[in-house]
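The values are calculated or read from the model by the stated rules, or taken from the named source; none is laboratory data. None of these values were measured; they are calculated from a predicted model. Don't worry about glycine lacking a Cβ; one is built from the backbone with ideal geometry, like all the others, and counts go over all protein chains shown. Note: accessible area is taken over every heavy atom of the protein model, side chains too, but ligands, DNA and RNA are not part of it. Shrake-Rupley method; radii C 1.70, N 1.55, O 1.52, S 1.80 Å.
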Amino acid sequence: MARQIYGRGRPRGGGTGGPALVYTLCLGLLLGWYGPGLINRPTLPTISATEQSRSSDTLSAQFGFCHSGGGIDCVVDGDTFWFGGAKYRIADIDTPETHGPRCASEGALGAQATQRLQVLLNAGPFTLESVDRDVDRYGRSLRVVTRGGSSIGGMLVAEGLAREWGGARRPWC
């Protein structure tokens, strides 16, 4: 049996002495601190926000027009549609009324907005983005509809078929 003498020299039995242990610990700390920068790692390609939005556009359907009541995949008016059995209101816009318009020009512009929304929804995959409120007072889910990072409601605004949502409906006549 090996006899060990404490406090003098190196312990018997092949163990690691104090200076070697301190050196190993310091080397480990230095590699831990500076090591990540010493290793050449391949850089991963970056993806822009627009490319991420495009890749996240996964929803699609063939939209028709809703004539009355609920639907599966259909457009009610310029800012309301049914998708997958749920009713949605586009949260970032307001369009003219088609059901009970206050004047003929409102009804005509509302019909144009309804037709254009159907074309835009059928043009390819889209994303439904949540907003600060989940549903409106009519039980419709409030969402911003985007494609490739651009608001479909914004497209309707740019075409003069809608206006940005200002927190309350305003008359079109």
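Observations
- Against the numbered list (1) within 16 Å of D94 (Cβ to Cβ); (2) open to solvent by 60 Å² or more (accessible area, probe 1.4 Å), A123 comes up short only at (1).
- Matching option when the condition is over 15 Å from C66 (Cβ atoms) and buried (at least 18 other Cβ atoms within 10 Å of the Cβ), among S151, S130: S151
- Candidate set: the stretch 92-114, residues that are without any contact (Cβ under 8 Å) to a residue 24 or more places away in the chain and out of contact with any helix residue (DSSP H, G or I) (no Cβ under 6 Å at 6 or more places or on another chain); chosen: the one nearest to D57 (Cα to Cα): A111
- If the condition is being open to solvent by 40 Å² or more (accessible area, probe 1.4 Å) and closer than 17 Å to G110 by Cα, then the stretch 60-81 contributes F65, H67, S68.
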